[in-house]
1. Answer with yes or no whether B:VAL120 is at pLDDT 85 or above and either outside any loop (DSSP other than H, G, I, E, B) or more than 9 Å from chain A (Cβ to nearest Cβ) (or both).
2. Restricting to segment A:147-175, count the residues that are more than 7 Å from chain B (Cβ to nearest Cβ) and not in a loop (DSSP other than H, G, I, E, B).
3. Looking at (1) of a type in the set (Val, Ile, Thr); (2) touching a strand residue (DSSP E or B) at 6+ places or on another chain (Cβ under 6 Å); (3) modelled with pLDDT of 95 or more, which is the only condition A:THR32 fails?
4. Filter segment B:84-119 for residues that are surrounded by 15 or more Cβ atoms within 10 Å (Cβ to Cβ) and β-branched (Val, Ile, Thr); which is nearest to the chain's Cα centre (by Cα)?
5. Among the listed residues A:ALA131, A:ALA121, which satisfies the condition of being in contact with a Ser or Thr (Cβ under 8 Å, 6 or more places away or on another chain) and of a type outside the set (Phe, Trp, Tyr)?
6. In this structure, is A:LEU128 in contact with a Lys or Arg (Cβ under 8 Å, 6 or more places away or on another chain) and more than 7 Å from chain B (Cβ to nearest Cβ)?
7. Could you please tell me which pairs satisfy a Cβ distance under 7 Å, a separation of 6+ or placement on different chains, a first residue in segment B:120-140 that is under 14 Å from A:GLY176 (Cα atoms), and a second residue that is β-branched (Val, Ile, Thr) and part of a helix (DSSP H, G or I)?
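The values are calculated or read from the model by the stated rules, or taken from the named source; none is laboratory data. Because the structure is a prediction, the values reported are computed rather than measured. Cβ: placed from backbone, ideal geometry, glycine included. Neighbour counts: every protein chain shown.
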Protein chains: 2
Amino acid sequence: MRISQLVEESGVSLPTVKFYLREGLLPSGASTGARSAEYGERHLRRLRVIKALTDVAGLPLARVKVIIGLIDRPGDDLMATLGAAIAALPPDPSPTGDYPRARAVLTRLGQVYDPDYPAVAQLEQSLLAAAQAGLGIDDDRIDAYGRIMRQLAEFDLDHLPLARERSAAVEHAVLGTALYEPVLLALRRLAHQQIAMERLDAADG
Amino acid sequence: MRISQLVEESGVSLPTVKFYLREGLLPSGASTGARSAEYGERHLRRLRVIKALTDVAGLPLARVKVIIGLIDRPGDDLMATLGAAIAALPPDPSPTGDYPRARAVLTRLGQVYDPDYPAVAQLEQSLLAAAQAGLGIDDDRIDAYGRIMRQLAEFDLDHLPLARERSAAVEHAVLGTALYEPVLLALRRLAHQQIAMERLDAADG
C-alpha cells in the first residue's frame, strides 16, 4: 500500500508516520520510485504497536524506542530480552537494593527472588504503600493472591501465540502486559460489584 | 497527641496538616486551650488515607475531597456510595453511552450490565485498545479471566474487615482498590517470569 493508505488504515497522521520513519521506529517501505515506497502489513502492525504503547500505556517516546529496539533486535537470551522489554513499561519503581517485603512474599510463594527483576521493586513499593496506609496484607491474602495470579499467568503462557520468531514473542509479551492489565483490573472491579449485589439480594430474599 | 506528634507519626509536614484542617479533609482536634488541640488515632488514620490516595494512587486533591466526603457522609445507599468512591479513583474512562464490547463480555460472564458503573467504561476502553493493537481477546481468554477475577473478588469480599460503620466500609473499599491493584499486577508479572523459567528448565532437563 502507499503511504496515504497506511495513514488511513492506521489512523496515525502523515507527519507522525514520517517522524517514526526518520526515527527508525517504523522500517522503510520498499522503494517503488524516486519519491514513493510500498508499505505492507508489518508497517501497519508496527504503527498499532507504537499507538498502544503511547496512547494506552502512556509511554514516552524514549521508552517506546527501547521496546521497539528489543523487538527488532531481540538478542540471544530471550528471557533477558523479555525482562528488559517489560521493565520499560510503567510503573517505574526506584530500585533500592533491598526488598525485604517482596523477598518475604516471594519466599512464601516458593518463587525465585531475583532483585534485578523490576517487578520485585514494584512489588516492594506496593506492599510498602499498603502497609503505610494501615492496610496490611496477611499471609492468607498473600497465599490467595499468589495462587490466583499464578493461575492467570499459567493461562497466559499456555495461550502464547506460536511465535516462530523471537521478535514476535517480545512484541506479544509487551502488548499482553500493557493491554491485558487494564482489562483484568476492570473485571475485578466489576466482579466486586456483582458479588456484593448477589450477596445483598440473598440477604434480602 | 499534640499536633507536633501527629506530624512526626504521620510523616506529613505541619503546613500540609494545617492545610488539610482548613480544607476540612482532616477533622479538628479536641480543643485543649486557646491555641492547642488534642489529636488521636482517627486523625493519624485519616492522614494515612490521604497520603495513600495522593502519593500512591496519584489522585488530585479534588478527587481526594470527593472520597473523604463519601467516607465522612456515606448516606443510606451503601452500594451507591461505594460505587461513587471507587469511581473517583483512576483510570478516568470517558463515558460514551454505549459499550458494545463490555456488554458482550459481561453478558457472556453472566454479570449484570449497568452502564452507569464507571468500570464498564473502563472495561470497554481497555477491550477497544487491545482490539486496535491487534491483540484480540477470544472467548477462552474472557472466560478464564472472568473466572479468575471472580475468585479474587470472592476472596476480597469474604475477608472484608467487620465494618460496623459504613464509613469504615467505604474507606476499606477505596484503599483495597487503590493499594491492592498494584500488588496484584506485580504478582502477575513475577508469576510470568517464574513459570517461564520453570518451563525452560523442564525443557532443558
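1. On the way: at pLDDT 85 or above: yes; either outside any loop (DSSP other than H, G, I, E, B) or more than 9 Å from chain A (Cβ to nearest Cβ) (or both): yes.
So B:VAL120 fits the description; yes.
2. Filtering segment A:147-175 for residues more than 7 Å from chain B (Cβ to nearest Cβ) gives A:147, A:158, A:160-174.
Okay, now just the ones that are also not in a loop (DSSP other than H, G, I, E, B), so A:147, A:158, A:166-174.
Summing the residues that are more than 7 Å from chain B (Cβ to nearest Cβ) and not in a loop (DSSP other than H, G, I, E, B) in segment A:147-175 gives 11.
3. Unmet condition: (3).
4. Looking at residues that are surrounded by 15 or more Cβ atoms within 10 Å (Cβ to Cβ) and β-branched (Val, Ile, Thr), I get B:ILE86.
5. Numbers: A:ALA131 fails: in contact with a Ser or Thr (Cβ under 8 Å, 6 or more places away or on another chain).
Exactly one of A:ALA131, A:ALA121 is in contact with a Ser or Thr (Cβ under 8 Å, 6 or more places away or on another chain) and of a type outside the set (Phe, Trp, Tyr), namely A:ALA121.
6. Values: in contact with a Lys or Arg (Cβ under 8 Å, 6 or more places away or on another chain): yes; more than 7 Å from chain B (Cβ to nearest Cβ): yes.
Spelling it out, A:LEU128 is indeed in contact with a Lys or Arg (Cβ under 8 Å, 6 or more places away or on another chain) and more than 7 Å from chain B (Cβ to nearest Cβ).
7. So the pair list comes out as B:SER126/A:VAL183; B:LEU127/A:VAL183; B:LEU127/B:VAL105; B:ALA129/A:VAL56; B:ALA130/A:VAL183; B:ALA133/A:VAL49; B:ILE137/A:VAL183.
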